[in-house]
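Please treat every number below as a calculation from the coordinates, not as lab data. Since the structure is predicted, the reported quantities are computational estimates derived from the model, not experimental observations. Every residue, glycine as well, gets a Cβ built from its backbone with ideal geometry; the counts of neighbours run over all protein chains shown.
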Protein chains: 2
Amino acid sequence: MPRYEDAEWRDSMRIRFDYTNMLADAVGKNRGTTEDELDQMEFRLSAGLDVLRRRRGPKDLAWMDLPYQQETVEEVLAYAREVDGVFDDILVLGIGGSALGVTALKTALLPLGSDYLSPERRRRPRLFVLDNVDPDWVMPTLQMLDPERTLCIVITKSGNTVETMAQFLIARAWLREKLGDAAACHLVAITDPARGALREIAEREGYRTFAIPPGVGGRFSVLSPVGLVPAALVGIDIRELLAGAAYADQLCSVRALRRNPAAMNAALQHLAYPRGQRISVMMPYSQHLRDIADWFRQLWAESLGKQMSTLGKRVNLGPTPVLALGTTDQHSQIQLYMEGPPDKIINFVAVERFAEEGPIPAADPGEEEIAYLGGHTLAELINVEREATAIALTKAGRPNCTHIFPEVNAFTVGQFLYMLEMQTAIAALFFAVDAYDQPGVEAGKNAAYALLGRPGYEEQAVEIRSAEAARPRKIV
Amino acid sequence: MPRYEDAEWRDSMRIRFDYTNMLADAVGKNRGTTEDELDQMEFRLSAGLDVLRRRRGPKDLAWMDLPYQQETVEEVLAYAREVDGVFDDILVLGIGGSALGVTALKTALLPLGSDYLSPERRRRPRLFVLDNVDPDWVMPTLQMLDPERTLCIVITKSGNTVETMAQFLIARAWLREKLGDAAACHLVAITDPARGALREIAEREGYRTFAIPPGVGGRFSVLSPVGLVPAALVGIDIRELLAGAAYADQLCSVRALRRNPAAMNAALQHLAYPRGQRISVMMPYSQHLRDIADWFRQLWAESLGKQMSTLGKRVNLGPTPVLALGTTDQHSQIQLYMEGPPDKIINFVAVERFAEEGPIPAADPGEEEIAYLGGHTLAELINVEREATAIALTKAGRPNCTHIFPEVNAFTVGQFLYMLEMQTAIAALFFAVDAYDQPGVEAGKNAAYALLGRPGYEEQAVEIRSAEAARPRKIV
């Protein structure tokens, strides 16, 4: 029996959310939230959960059911078995929601730095996520890899993302040059089940394909094949990952605010916004969890950063997510967080048990200044530093809260990802914005199409050129 | 003759600063700066440059003279020659200002991903910068390396940084276990010339040492041995780097605001702050320049984020630096930057000529939807996307500016680093804060010492424990 089927084990892996230092009691009345304010959110939470329950399902909020896609999991695992040992390197071509989740899973769940190990010690393919079109990164990466031993996974929900399709054309030519028609066996497409350029090409050329369910937007897709396929190929336990997500689904459906971690944080962030606390820092004290905070940046920014409310009012709102890393950023950002404007909330992420202890040896005789370190462990040190930082921030009237991982494993990571998705969905209901659109990116996309000479954008190209020519550049 | 001794070449490598889209003309009167406002800054700039000129020198602002330390350069290069071929791996132990600069130089100036290449293709040691105390990162990193072929460079200005000294104790024991007394030959100390635990230990045990000049603070130390030693060991041209910094020193000493790029950006950021534009995003469209933006986060946040002004007034000010990466973060943050609250300035960093072009092959017949990509290059694509994003942001009334690198090389990188240091120094004078202290980090440090049981902190430990016990935790 896998451990995640044991209810006791699952409860021992519950991520707890400590919001003590978000309250007015801790940081002062004009900086923190009162219990009364929280009480007033109870009703809105209940209404919000009703909305989510109603919209949940394949035709609308399909991401909510991703933890339960048994068939997809079988399909993904079968493919992983099929290609086991065939490839030395997995190269993901994708950007935004098609890359951040994969990177988050890789960093969280593979041994850190293990891609530097020899194949014998690694015993799995390396995983590279190429989420930019910088030629000085793309070209050397291909030159480094052997097409015969590389699998390219092309991920784009629409099937038309300009960066990803440009990379695809380059990678396909690179594979064909060495492999000819066999290139098709080195390409996997993860995209819409029916539409888009990538779907068409993949079907014509016979690539292996996986479908992103239609109702699942890019930033909510990490638990779909977008995250599952690359994860399974490098040996991450995707069943345990989804079991963790299902566990979070339970926790975050509770109607009592004080027992629902996702709703509680959504409420706290929402209540902080009108107080001018508009910057939301996520600061894991764990190298493994760093890229989950980066994944969350997209989720939070694109879902909540909106011009129009769902009531049709122009609001231009949205908290700004910021990624920081403990203890590293204590030596970079904490000065500002302590003494700068009181415009931030710090969301710490703590790990109770690390895989390693990292015992610190005693200093030599005569090394009195650092003798106090001996006998401690790095695990203790990193947690003491987090605790000390939280204490100092609280004393300075800077609100902060802490997500506490019992340990980092596929179950807790799946749990956290789903919890943050729920937090975002609930926060969007509180803020009254649509969590699932991104109208603000269209203008830039269209301008890029115009400048690239895509058919249909000729007029806009002329318009841009003349507007730019009319405004003299100011350059130092 | 090295190319940087040619004045014409140097001028061809000048980084330009385009601030067109920061002006009221481009983004509207309540969002942008007017020429009048800039005129009013001329006098303050002149006064500010006088202050810097007066304070410049070994006893105060020693960082300003780092481009000219001929002797140090000789010493560093002699050491690099001495150990050439001896080590496969360089492991830097440091945090904050002792790590961010090294990482910025590594990412900017070594081929991306080249640490994955075989030693024969790489022809230099790998470089790892271990800037955290997470045991799940530190321990596997050591396990991966061979002590006989590894050089550990321990960097801490004070010589007492808790994270770095904890790592030092672990790394020293790891070296000693395999090498015995020869461990000392695998340790380099970069620290204060006279004080601190690391200096004492290094001298007693006979490590190779390099001095951080006393007047140089951590976040202004990248052009001291802190950055130069690791850079030289992996083959970065540190003479060219410093020549670039010296060139920036000239550019940024000009008294006319409109001809001084550092002063112009400092003025623009200062003028934007009272308009509520308090988030300063640096967004390079270059994978190589990503970690310079991360280095800048510390420089900007710690230098300007202050509770007290230099006039003794409580101000609690400081813009919040945010790192974004183009085009990657177009798919993560641009929705918020376009439609969210108008609280940001976007500082793009552009590269005119990449080392690679990245030609995009033509699509196959029948692939009409992506046919427009064929014949373009990735270099074009990334620049078109940046241009399109700047156009869209400007149209939406979001101020933005662009630093333009002719290309990325040691000269332009040195130039940019020094320019940003000057920008920070000048901005601090405009904001009337001390750029060189960090009083806000003391409280957290002391709390950590107390929790670790360091002698002398017993009372504070008792105080913390009782304060924490008195406040019941609120946990979901």
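Between A:Leu117 and B:Ala362, what is the spin-label point distance in nm, taking each point 7 Å from the Cα along the Cα→C-beta axis? For A:Leu117 paired with B:Ala362, the spin-label model returns 4.7 nm.
Any idea what the B:Arg353 label distances to the other copies are, label 7 Å down the Cα→Cβ vector, nm, shortest first? Ordered by increasing distance: 5.8 nm. A:Arg149 label point (Cα plus 7 Å toward Cβ) to equivalent points in the other copies: 1.7 nm, shortest first. If you take all other residues with their beta carbon under 12 Å from the beta carbon of B:Gly340, and give Lys and Arg +1 and Asp and Glu -1, the sum is +1.
Quick check on my link table: of A:Lys445/B:Lys395; A:Lys395/B:Lys306; A:Lys59/A:Lys313; A:Lys306/B:Lys474, which ones sit more than 22 Å apart, alpha carbon to alpha carbon?
A:Lys59/A:Lys313; A:Lys306/B:Lys474
Placing a label point 7 Å from Cα along the Cα-to-Cβ direction at B:Ser466 gives distances to the equivalent points in the other copies of 7.7 nm, listed shortest first. Averaged over the residues of B:445-454, the number of partner chain Cβ atoms lying within 10 Å of the residue Cβ comes to 6. Computed packing ranks the peptides B:255-268, B:26-39 as B:255-268, B:26-39, most packed first, by mean other Cβ atoms within 10 Å. For chain A, the 222 nm mean residue ellipticity estimated from helices alone, with every DSSP H stretch of n ≥ 4 adding -39500 (n - 2.57) and the total spread over all residues, rounds to -14000 deg cm²/dmol.
Nearest chain A C-beta to the A/B rotation axis, reported as residue and distance in angstrom, is A:Val322, 3.
So for segment B:81-179, averaging the separation of alpha carbon pairs under 8 Å that are six or more residues apart and normalising by length, what relative contact order in percent results? Provide the component values of the computation, followed by the final result.
On the way: 106 pairs, mean separation 41.2, N = 99.
Over segment B:81-179, the number comes to 42 percent.
Per-residue mean of foreign Cβ neighbours for A:16-26 is 3 (Cβ atoms of other chains, 10 Å radius). Under 1.5 on a/c is rounded, so check that first for segment A:70-212, then, if it is not, pick prolate when a/b is larger than b/c and oblate when it is not; a ≥ b ≥ c are the square roots of the alpha carbon gyration tensor eigenvalues. Rounded shape, in that the Cα axes give a/c under 1.5. Summarising the amide proton neighbourhood of B:Gly28: residues at separation of 5 or more, or on other chains, whose placed amide H is nearer than 5 Å comprise an empty set. Shielding value for A:271-281 is 1, the average number of Cβ atoms from other chains within 10 Å of each residue's Cβ. With neighbour counts taken as other beta-carbon atoms within 10 Å, the residues B:Ile170, A:Ile292 rank, fewest first, as B:Ile170, A:Ile292. Which of the three applies to segment B:377-434, rounded, prolate or oblate, going by the alpha-carbon gyration tensor with a ≥ b ≥ c and a/c under 1.5 meaning rounded? Verdict is oblate for segment B:377-434.
Name the shape class, rounded, prolate or oblate, that the alpha-carbon gyration tensor gives for the protein assembly as shown, where a ≥ b ≥ c are the square roots of its eigenvalues, rounded holds for a/c under 1.5, and otherwise prolate holds if a/b is larger than b/c and oblate otherwise. Rounded shape, in that the Cα axes give a/c under 1.5. Computed 3J(HN,Hα) for segment B:316-326, one whole-Hz value per residue from the Karplus formula 6.51 cos²θ - 1.76 cosθ + 1.60 where θ = phi - 60°, is 6, 10, x, x, 9, x, 10, 9, 9, 9, x, glycine and proline marked x. Under 5 Å between amide hydrogens, built in the peptide plane, is the criterion, and for A:Arg208 it picks out A:Leu187, A:Ala189 among residues at least 5 positions away or on other chains. As a length-normalised measure over Cα pairs under 8 Å and 6 or more apart, the relative contact order of chain B settles at 21 percent.
Using a Förster distance of 22 Å, how high is the FRET efficiency between B:Glu75 and B:Trp9, based on the Cβ-Cβ distance and rounded to 0.05? Calculated transfer efficiency: 0.20. Comparing Cα centroids, segment B:292-308 and segment A:299-359 end up 16 angstrom apart. Fully extending the segment from B:Ala256 to B:Ala470 would add 71.2 nm, taking 0.36 nm per residue of separation and subtracting the current Cα-Cα distance.
Looking at segment A:265-356, the pairs of alpha carbons with a distance over 14 Å make up 69% of the total. Spatial offset of segment A:147-190 relative to segment B:405-476 amounts to 45 Å, using the alpha carbon center of each. Tell me which DSSP H helices of chain B clear both cut-offs, 24 Å or more of axial length from alpha-carbon atoms and a mean Kyte-Doolittle hydropathy of at least 0.5. Passing helices, by number: B:410-431.
Counting only other residues whose beta carbon sits under 15 Å from that of B:Ala246, what net charge do I get with K and R as +1, D and E as -1? Summing Lys and Arg as +1 and Asp and Glu as -1 gives -3. Residues B:Phe43, B:Phe220 in ascending order of nearby Cβ atoms (within 10 Å, fewest first): B:Phe43, B:Phe220.
Ranked by Cβ crowding within 10 angstrom, fewest neighbours first, how are B:Phe411, B:Phe17 ordered? Walk me through the intermediate numbers first.
Working: B:Phe411 29, B:Phe17 22.
Fewest-to-most Cβ neighbours within 10 Å comes out as B:Phe17, B:Phe411.
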